[in-house]
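See structure below.
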Amino acid sequence: MVRAHLNRWRQVMVMASSLAFCAWAQAGLADKPITLVVAFPAGGGVDVVGRILAQGMAQKLKLSVVVDNKAGASGAIGAQFVKRAAPDGHTLLMAPTTSYVMSEKMSSAEAVGYEIAKDFRPVATVGELPLVMLASKASGITSYAELSARARQQPGKLAYGSSGNGSTEHIVTEWFRQQAAIELLHVPYRGSAPAMADLFAGEIQFMVTTSPTALTNLASGKVVAVGVASPQRLAIFPGLPTFAEQGLPQFVAASVYAVLAPKGTPDDVVATLNAALNEALEDEAVKRRFAQLGVEAVHSTPAQARERLQNESNKWEQVVQRIKVAR
C-alpha cells in the first residue's frame, strides 16, 4: 500500500516537473536563474526598483531572479556586460534609460561602449522617477523664487552638484538653468553619494535627484525640498509644489526606468518577460513599495518600450544641443 502510494506520488511529481518544463520551454526560457544586472551601487534608486521587480518577476515566472550589481563608469560596465551576454533572456539590464541616453549624447557610443537603442531589446518600460530639487539647509533656500533670486544676486556663484559630467543631474540642472535664465556653478563629483555629502555639509547649495533618493535624504534634516519637476504634486510630498506652480512650467523631467535584454533575444522570450513584468507591476506589494518611494509604475508592450526609448533619445539630444553643454 505504502509502495503504491509512493509510486503514485512519484508519478505526480514527474508530471508536475514535466508541465513546469513545458511552460518554460514554451516561454523560451530554460530552467535556470535569471540575472538582473544593476549597473549602479546597491541601495540607490536603480537598485531598489530592480530588487522590487526581481522579486515580482520571480513569483510570476517561478524562476529565481538574482540582482547583480556591476557598478562603475556611470553604468557603462553593467551595460557592456549585458550587451555581451547570451541573448537567451537570462541576463537582463535594469536600465535608467534617461541616464544612458544622456551619457551617449554627451560623449559617443564608442566612448561608453554601447548604443542603447541598437545593442539592446527593450522588454518593458517599468517606471518613472520624478526628479526633486534639494537645497542644503545651510543655504537658506526653500523655494524656486529664493533660488533664482540668489543666483541673480551672485551670478555664477550658486553651486550645484552632480554625479559627473553628462549625468542626469548635470544635464537636467543645465536645462533648468537655461529656462530660469540664471548662471550657476557646476561641481561634478565621482558619483551621487559624495555630492549628497557635500550638500549636507553646505559645500554646494543644491542638486536634483530622484524621488526615492530625495525621500531618504530629507529624513536627515540637513536638506530641504525646493520643488518637483513633475506635472503634478507627488503623493509622498503632498506639500511640495511643482516647478510649474512656482513659475517654471516647462521644467518637467523624470528618470525613466526600463528592463532591457541583449540584442537578438527571441520574440517569445521578450514577450514572456514582458508579461511577467507587467503582472509584477499589478502585484499589491509592488504597488505599495512603488507608492512609498514615489515611483510611478508604467505598463508597456515591448513595442511601446522601444518607442519610449526613442522618444527619450530624441528629447535629450535636443536638450543637449540647446543648452550647449561641452561634450
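What follows draws every value from the coordinates through simple rules; no lab data is involved. On a predicted model such as this, the values are computed, not experimentally measured, just so you know. With ideal geometry, Cβ positions are generated from the backbone for all residues, glycine too; neighbour counts draw on all protein chains shown.
The residues packed around Gly28, meaning those with a beta-carbon under 14 Å from its beta-carbon, carry a net charge of -2 if Lys and Arg are +1 and Asp and Glu are -1. Across the stretch 181-264, the mean sequence separation of Cα contacts (distance under 8 Å, 6 or more residues apart), normalised by length, yields a relative contact order of 17 percent.
For the chain, adding -39500 (n - 2.57) for each run of n ≥ 4 DSSP H residues and dividing by the number of residues yields -15000 deg cm²/dmol at 222 nm.
In the stretch 130-228, Cα pairs under 8 Å separated by at least six residues give a relative contact order of 48 percent. Using a simple spin-label model with pseudo-atoms 7 Å out from Cα toward Cβ, Ala149 and Asn311 lie 3.8 nm apart. Working from Cα pairs under 8 Å separated by at least six residues, relative contact order for the chain is 26 percent.
Seen against the Cα atoms of the chain and their longest principal axis, helix 267-282 is set at about 70 degrees.
Largest GNM mean-square fluctuation among Leu309, Leu29, Leu185, using the chain with Cα springs under 10 Å: Leu185.
For a quick check, take a GNM of the chain with Cα springs below 10 Å and name the residue from Ala305, Ala193, Ala124 with the largest mean-square fluctuation. For the chain, modelled as a Gaussian network with Cα springs under 10 Å, the answer is Ala193.
Neighbour counts of C-beta atoms inside 10 Å place Val48, Val123 in the sequence Val48, Val123, starting with the fewest. Taking a straight Cα-Cα cut-off under 16 Å and skipping sequence neighbours fewer than 8 places away in the same chain, the lysines within cross-link reach of Lys222 are Lys137.
For Arg233 and His186, the difference between the fully extended length at 0.36 nm per residue and the C-alpha to C-alpha distance is 14.2 nm. How many angstrom lie between the C-alpha centres of the stretch 180-228 and the stretch 122-176? Going from one Cα centre to the other spans 7 Å.
Measuring against 27 Å, Cα to Cα, the residue pairs Lys118/Lys287; Lys105/Lys287; Lys32/Lys263; Lys60/Lys287; Lys70/Lys105 contain Lys118/Lys287; Lys105/Lys287 as the ones spanning a longer distance. Result for the chain in a Gaussian network model with C-alpha springs under 10 Å: among Val172, Val295, Val66, the largest mean-square fluctuation is at Val66.
Write out the trypsin sites (Lys or Arg not before Pro) in the stretch 96-155 meeting two conditions: DSSP loop, and at most 15 other Cβ atoms within 10 Å of their Cβ. Counting only loop positions with at most 15 other Cβ atoms within 10 Å, the trypsin sites (Lys or Arg not before Pro) in the stretch 96-155 are Lys118.
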